[in-house]
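Visitor: Dropping a structure here in structure tokens format, bear with me for questions.
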Amino acid sequence: MPRTESFWNELHAFIQQHNQFGLLLIIALIIAAILWRWHPQDRKPVTATLLFFITALCGLMLSGALTALEIKSFARGLHEISFFAAGMAAIRLFGLFLFRLILPLCRISLLRILEDLAEFAGYGAWLMMYLHKAGLDLSSILTTSAVMTAVLAFAMQDTLGNILGGLTLQLDSSTKIGDWIKVDDVNGRVTDIRWRYTAIETRNWETVIIPNSLLMKGKFSVLGRRSDQPQQWRRWIYFDVGYEHFPGLVIDIAQNAVHNGNIANVADTPAANCLLMDFNPSASRYALRYWVCDIEADDVTDSEVRSRIYAALLRAGIHLPYPQYHIHLTNKDDQYEQNQRLRRIKERMEALQQVELFNTLHDNELAEIAERLVYTPFAQGDILMRQGEIANWLFIIISGVADVFLELPNGGRRQIDTIHGGCFLGEMGLMTGDPRSATVIALSGVLAYRLDKDSFQKTLDKRPELAVEISKLLASRRFAIDNLQQQLDSEAIAQLMAQQQNTFLEQIRSFFGLNS
């Protein structure tokens, strides 16, 4: 009976001596409950830390019971281990509460690696306090630790490199959580930067762990980041089109397919643009560049853009070419060649019929001229003709837009007109040899036919009387340009028209060497 009473007395004295741990347990339960309720993503580490703390307290209680049972050597060891573990658990739990809940509520955002370093510093301070409480001389420990630190630093240089690398990455903001980065063949979003590694989640639902020292030593790309710009990433869509299609037309079709397509996840600014990239053995190589807003959906958006381009090309009658080494076998006999020739002549005759200058020509004469036309395409920005130059040919514009400029004496330019498909340019140069009166620059891709003086010479040689009709037309056009109708009466107008026609007629006959 006295032995039992002694046991309870010693156990009670032990509890009185360690009653502060009861208060710590209550505080720990309150902190854990708050974190569990308001920070659910940290429930797992909170639960593990709380269980570790409760286990340490149970160890303290058990050490008290063993002391009362006079198993003092084992009880002392269990007490020291449990006491130290309880302090470690308390530091961890308080760190979670401070860095995960309190500081974010105060709008203070700290790097996760700083949280880890702060906790490590707390663990180190607790260890030094514990050792001091145990009666160890800290000065001798610090002296010995200097040598140990040098040895550990050499042995753990890779680990230390990762720690310093992680700290540097977060402090200089070279990359941060949420960034999309590319490291060698790994492309994904940064989800965590810890003291040893950086975690990257890929589109394949893989989490790639990259040591921080590797990011510090090597090169990596941060996707979609540009100063003072929203996050968006330029994408390239490549496609081939046969050489029979004019590049300006293909570029316009591809760009309009994206601009007018209302495609989700495609940025409005910068606008998508199409480029002629290369000339392959069997087709022209094009690339459409656009900017994707959500980097994670790049493949899906690429597919949508390709579908729009493909559909737009098909609507325009442009089919994507066969593979490069596909062999086309065509029996090009005389009938085939004749059909091809007739088709070309028909297309060119239709273009000639749009030119008022040739309205008096018969079909056979138009066919002869059509055979001599030269297909002449221009890209955007090309100069079709330059003011003051001598060029004895005429352009028949099939499609496209071009601006007409007047070159000023001071070196500047003044726009005087904009022309579209279905018109002609340079009739004075063809018929009289006069210098160009203006500069014409392609505003878009322009498709045209060119008629040279030598090609028209044969027609005039056969029908010299055409010079009279053409001179009338030239005089009428020049008279309209001069805009004299508002100032002269009908009789004066007729006289000036006759004089202008005679002048042009003499110029045409002289230029082409026709007999009067």
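Visitor: Looking at ILE81, ILE91 in this structure, which one is assigned to a helix (DSSP H, G or I), surrounded by 15 or more Cβ atoms within 10 Å (Cβ to Cβ) and at pLDDT 80 or above?
Guide: Numbers: ILE81 fails: surrounded by 15 or more Cβ atoms within 10 Å (Cβ to Cβ).
Within the list ILE81, ILE91, the selection yields ILE91.
Visitor: Does segment 352-374 include one or more residues that are under 40 Å from the mean Cα position of the chain (by Cα) and either of a type in the set (A, V, I, L, M) or not assigned by TED's automatic domain parsing to the domain that holds ILE251 (or both)?
Guide: no
Visitor: Sticking with this one: Which ones in segment 375-414 are loosely packed, with under 14 Cβ neighbours inside 10 Å and more than 36 Å from the chain's Cα centre (by Cα)?
Guide: Result: TYR375, GLY388, GLU389, ILE390, LEU408, PRO409, ASN410, GLY411, GLY412, ARG414.
Visitor: Just to confirm my filter: which helices (runs of 4 or more DSSP H) fall fully inside segment 1-78 and include at least 3 residues that are modelled with pLDDT under 70 and farther than 19 Å from LEU96 by Cα?
Guide: 2-17, 20-38
Visitor: When you go through VAL250, VAL300 one by one, which is the residue that is under 24 Å from ALA448 (Cα atoms), modelled with pLDDT of 90 or more and either among the small types (Gly, Ala, Ser) or outside the structural domain of SER399 (by TED's automatic domain parsing) (or both)?
Guide: Values: VAL300 fails: under 24 Å from ALA448 (Cα atoms).
That would be VAL250, the only listed residue that is under 24 Å from ALA448 (Cα atoms), modelled with pLDDT of 90 or more and either among the small types (Gly, Ala, Ser) or outside the structural domain of SER399 (by TED's automatic domain parsing) (or both).
Visitor: Here is a check on your reading of the model: is SER437 buried (at least 20 other Cβ atoms within 10 Å of the Cβ) and polar (S, T, N, Q)? Let's see the steps before the verdict.
Guide: Working: buried (at least 20 other Cβ atoms within 10 Å of the Cβ): no; polar (S, T, N, Q): yes.
Against the criterion (buried (at least 20 other Cβ atoms within 10 Å of the Cβ) and polar (S, T, N, Q)), SER437 does not qualify.
Visitor: Is one or more of the residues making up segment 421-442 modelled with pLDDT under 65 and of a type in the set (Asp, Glu)?
Guide: Checking segment 421-442: not a single residue is modelled with pLDDT under 65 and of a type in the set (Asp, Glu).
Visitor: Within segment 55-76, can one find any residue that is closer than 22 Å to MET129 by Cβ and under 57 Å from the mean Cα position of the chain (by Cα)?
Guide: The answer is yes; a qualifying residue exists.
Visitor: Additional query: Which one of LYS472, LYS453 is within 56 Å of the chain's Cα centre (by Cα) and either at pLDDT 75 or above or not β-branched (Val, Ile, Thr) (or both)?
Guide: Unique residue meeting the criteria: LYS453.
Visitor: Now, a different point. Return yes when ASP417 is surrounded by 14 or more Cβ atoms within 10 Å (Cβ to Cβ) and assigned by TED's automatic domain parsing to the domain that holds ALA351 and no when it is not.
Guide: The answer is no for ASP417.
The values are calculated or read from the model by the stated rules, or taken from the named source; none is laboratory data. Note that the structure is predicted; figures quoted are calculated from it, not measured. Neighbour counts are summed over all protein chains in view; Cβ atoms, including those assigned to glycine, are modelled from backbone coordinates with ideal geometry.
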